[in-house]
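A.B. asks: Could you have a look at this structure, given as structure tokens, before my questions?
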Amino acid sequence: RWSPYDGLAPALISGAPAASAFFAVKDGAKRAVAGLQLGKAETTVLAVACANVAYWGIKNPSEVLKVRRQAGVASDTAGAAVEIWRAEGVAGFYSSAGPNYAYSTPVDVVKFLLYEQLKASLA
């Protein structure tokens, strides 16, 4: 029996670690490039781009499992993971990493640029 919540558990489980990695890398990248004397916007763009690599490195496998479950390709998450591993190896868990990164990075860059601007205007 299909449910719109199929495959959601792995996505929920990976959400906190992926978000934690995002912010840890973003903050670390900002510190790392501080000596380059980039502007705030350039620093934010670079930091978010780096952070999304870490985020999708953790999050993408669960997204692949979620999509396959919701598309009805697999009837259970563990079975989907085994099938991906057997058929495609580790690369199968990252089959959508490029498109996910390409979509999310510009969106996140804009989000954080707006956040930085709002934060500065309220200070």
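The values are calculated or read from the model by the stated rules, or taken from the named source; none is laboratory data. What you see is a predicted model; the values in this text were computed from it and never measured. Note that each Cβ is placed from the backbone with ideal geometry, even for glycine, and that neighbours are counted across all protein chains shown. SASA here: full protein model, heavy atoms, side chains in, ligands and nucleic acids out. Shrake-Rupley method; radii C 1.70, N 1.55, O 1.52, S 1.80 Å.
A.B. asks: R0 = 35 Å: FRET efficiency of L122 with V53, Cβ-based, nearest 0.05?
C.D. replies: My answer for the efficiency is 0.70.
A.B. asks: What ranking of I13, I84, I58 comes out by heavy-atom accessible area, probe 1.4 Å, highest first?
C.D. replies: The residues order as I13, I58, I84, largest area first.
A.B. asks: Which value in nm describes the separation of the simple spin-label points at A16 and V73, placed 7 Å from the Cα toward the beta carbon?
C.D. replies: Calculated label separation equals 2.9 nm.
A.B. asks: Which percent of the accessible area of segment 1-99 is formed by carbon and sulfur heavy atoms (probe 1.4 angstrom)?
C.D. replies: 65
A.B. asks: Under a plain spin-label model, where a point goes 7 Å from the Cα along Cα-to-Cβ, how far apart in nm are E88 and Q37?
C.D. replies: Using points 7 Å along Cα→Cβ, the separation is 4.7 nm.
A.B. asks: Let me ask something else about it. Which aspartates and glutamates have a Cα lying under 20 Å from the Cα of K40, excluding residues fewer than 8 positions away in the same chain?
C.D. replies: D27, D108, E116
A.B. asks: Here is a follow-up. Given segment 53-115, what whole percent of its Cα pairs are spread farther than 16 Å?
C.D. replies: Tail of P(r) above 16 Å: 50 percent of Cα pairs.
A.B. asks: Solvent-accessible area per residue for the chain at a 1.4 Å probe radius, Å²?
C.D. replies: Value returned for the chain: 61 Å² of accessible area per residue.
A.B. asks: State to the nearest 20 debye the size of the charge dipole of the chain about its Cα centre, where the only charges are +1 on K and R beta carbons and -1 on D and E beta carbons.
C.D. replies: The calculated dipole for the chain is roughly 180 debye.
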